[in-house]
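*Asks:* Here it is, the structure, as C-alpha cells.
The values are calculated or read from the model by the stated rules, or taken from the named source; none is laboratory data. For clarity, every value in this text was computed on a predicted model and none was experimentally measured. In this analysis, Cβ positions are derived from the backbone assuming ideal geometry, glycine residues included, and neighbour counts consider all displayed protein chains. The area values use the complete protein model at the heavy-atom level, side chains included, leaving out ligands, DNA and RNA. Shrake-Rupley method; radii C 1.70, N 1.55, O 1.52, S 1.80 Å.
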Amino acid sequence: MEEGKISDKTKELIAVGIAIAIRCEGCIAFYIKDTLKAGASREEIIETIGVAVMMGDGPALMYGCEALQALQEFLEKRTTTIN
C-alpha cells in the first residue's frame with residue numbers, strides 16, 4: 001500500500017470499496033481505520049461506501065452499513081481522544 005502513482009489514500013479508499021463489494025466483514029473496520037489514517041475525509045469515505053453498495057448490489061448494503069458504523073465509531077474515538 002506504499003504510495004506510488006496512486007496515493008495511499010486512494011488505495012485505502014479502493015480497499016474499503018472492495019471489502020464492502022465482496023462482503024468481507026473482517027476487512028471493513030481495518031480498512032476504514034487505515035483510510036482515516038491516510039487522510040481521507042468522512043465525505044470521501046461515505047462516497048466510497050456508496051459506490052461499493054452500487055457495485056455490490058443489495059447484499060453489499062448491509063456491509064455498507066457496517067462500514068458507516070465503523071466510520072462513526074472511529075470518528076467518535078478520535079474526537080474523544082482529542083478532547
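*Asks:* Give the carbon-plus-sulfur fraction of the accessible surface of the chain in %, rounded to a whole number; probe 1.4 Å, heavy atoms of protein chains only.
*Replies:* Numbers: 3080 of 5360 Å².
Looking at the chain in its full context, I get 58 percent from C and S.
*Asks:* How large is the accessible surface per residue of the chain, computed with a 1.4 Å probe and reported in Å² as a whole number? Please list the in-between numbers first.
*Replies:* On the way: 5360 Å² over 83 residues.
I get 65 Å² per residue for this part.
*Asks:* Using the Karplus curve 6.51 cos²θ - 1.76 cosθ + 1.60 with θ = phi - 60°, work out ³J(HN,Hα) for each residue of region 43-51 in order, rounded to whole Hz, and write x for Gly and Pro.
*Replies:* With coefficients 6.51, -1.76 and 1.60, one gets 5, 5, 5, 4, 5, 4, 4, x, 5 Hz.
*Asks:* Using a 10 angstrom Cβ neighbour count of at most 16 plus a DSSP loop assignment to flag exposed trypsin sites (Lys or Arg not before Pro), which longest range of the chain is free of such sites?
*Replies:* On the way: sites that count: 5, 23.
Longest gap between qualifying sites, sites excluded: 24-83.
*Asks:* Run the lone-cysteine check on the chain: no other Cys C-beta under 4.7 Å from the residue's C-beta.
*Replies:* Unpaired cysteines in the chain: 65.
*Asks:* Would you please name the GluC sites (Glu not before Pro) within region 1-68 that are DSSP coil residues with at most 10 other C-beta atoms within 10 Å of their C-beta?
*Replies:* On the way: sites: 2, 3, 12, 25, 43, 44, 47, 66; in loops: 2, 3.
The qualifying sites are 2.
*Asks:* Using a Cα distance threshold of under 16 Å, what count of lysine pairs results for the chain when pairs must be 8 or more residues apart or interchain?
*Replies:* Working: 9/33; 9/37; 11/33; 11/37; 33/77; 37/77.
Lysine pair count for the chain: 6.
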